[in-house]
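Visitor: Got a structure here, written out as structure tokens. Questions coming.
The values are calculated or read from the model by the stated rules, or taken from the named source; none is laboratory data. From a predicted model like this one, the values you see are computed outputs, not experimental measurements. Every residue, glycine as well, gets a Cβ built from its backbone with ideal geometry; the counts of neighbours run over all protein chains shown. In case anyone asks, the SASA skips ligands and DNA or RNA and just uses the protein heavy atoms, side chains included. Shrake-Rupley method; radii C 1.70, N 1.55, O 1.52, S 1.80 Å.
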Amino acid sequence: MQITIPSVSKQLSEDQVLNSVSRNYSQIVKFLFNFHAEWLRGSYQTFKDHDKFIIIQYLVHKTLNFLSTNFIKLDFDSYYSKNQLEIANFNIVDVGRELNISKETARRKILELEKIGAIIRDKKKIILNRSAFNFQKPSKTLITVSYLLSKISENLSKNGDLDKKLSSENIESHMRKNFTHCWKLFYEMQIPLVQNWKKVFKDVETWHIWGVIATQKSFRIPNTKLLSREQYVEDALKYPEIGINAMSVSELTGIPRATVVRKLNILLKKKFISVDEKKLYSPRKTDLKIISEMNKKGTLLQVTFFCKIFNLIQAN
């Protein structure tokens, strides 16, 4: 069997992808926001609890690491044809440390997952039980990630870094075919990215709610303007305050209104947002700049993922 060796000269570097993302930020930011919004809403809706979802995500990542270590690659349908996945050497201390939650919280969340039948514990072993709870099948996330990657590939091709734009259908097809490997890379981006934001907002729900408020202003910038990241943030600060009420935040996030109101009060106390006489919430201008700086770490994680997926597609 003849094997085609990928062209080294056509492999993208992370610097090329980072430069493209940074220069053309205004053209891809809405795709980025849509991806985050879809993922966060889906992660909450699965268990009505972000932490439970991320614990499951962490455990699934361990199974993907096991497959990768043993040179096993499964497509999307083959991977999800298995109703149970076994994770060995399970340790609650590791879960808490790697996901930035206390040992007591990790233990409580895992017991709750066990109670609803999502996981089965057996001494030091844990089994993910898909037959009892339909979770972690990222069909929508695959679509939104593929659209995002396609848009980024368009800018890369215009700059001569890629031979041509990659269609979202082509990207999704490739990721489905090489699912366990591609989704391992996805988790290596997404899990640290979430932990990065938790350092700022202390919990994922608060980040989720703040994100919905912040994007109301960002979406007002005309997408016809080609702006770098720095220019985009600067332009966002020039636009008048655009507020959103608690009920709308609840509808967009899927989080109950009572919880939203409680988190809004925390954000107000920490001065991440402001509220007007009509009870409309807006991001504070000063903190948008701070958040932009903190977001750079997340961008680097995303760029690494984007680059690896593009190079995998070009190699096949």
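Visitor: Only helices (runs of 4 or more DSSP H) wholly contained in the stretch 1-109 count here; list those with 2 or more residues that are of a type outside the set (S, T, Y) and surrounded by 13 or more Cβ atoms within 10 Å (Cβ to Cβ).
Guide: 14-23, 25-47, 50-69, 92-99
Visitor: Still on this structure, please answer the following. Of the residues K308, K289, K296, K285, which is of a type in the set (K, R), open to solvent by less than 90 Å² (accessible area, probe 1.4 Å) and at pLDDT below 80?
Guide: One residue alone meets the criteria, K296.
Visitor: Just to be sure I understand the filter: pairs with C-beta atoms under 6 Å, separated by 6 or more residues or on different chains, first member in the stretch 169-193 and within 15 Å of F66 (Cα to Cα), second member among the acidic types (D, E). Which pairs pass?
Guide: F179/D75
Visitor: From the set of residues in the stretch 230-265 that are outside any loop (DSSP other than H, G, I, E, B), farther than 19 Å from W207 by Cβ and not polar (S, T, N, Q), which is modelled with the lowest pLDDT?
Guide: The qualifying residue modelled with the lowest pLDDT is L237.
Visitor: Would it be correct to say that L301 is at pLDDT 90 or above, under 25 Å from L12 (Cβ atoms), open to solvent by less than 90 Å² (accessible area, probe 1.4 Å) and touching a Pro at 6+ places or on another chain (Cβ under 8 Å)?
Guide: In short, yes.
Visitor: For the stretch 152-191: of the residues being among the polar types (S, T, N, Q) and not in a helix (DSSP H, G or I), which is modelled with the lowest pLDDT?
Guide: So, considering only residues that are among the polar types (S, T, N, Q) and not in a helix (DSSP H, G or I), the one modelled with the lowest pLDDT is N159.
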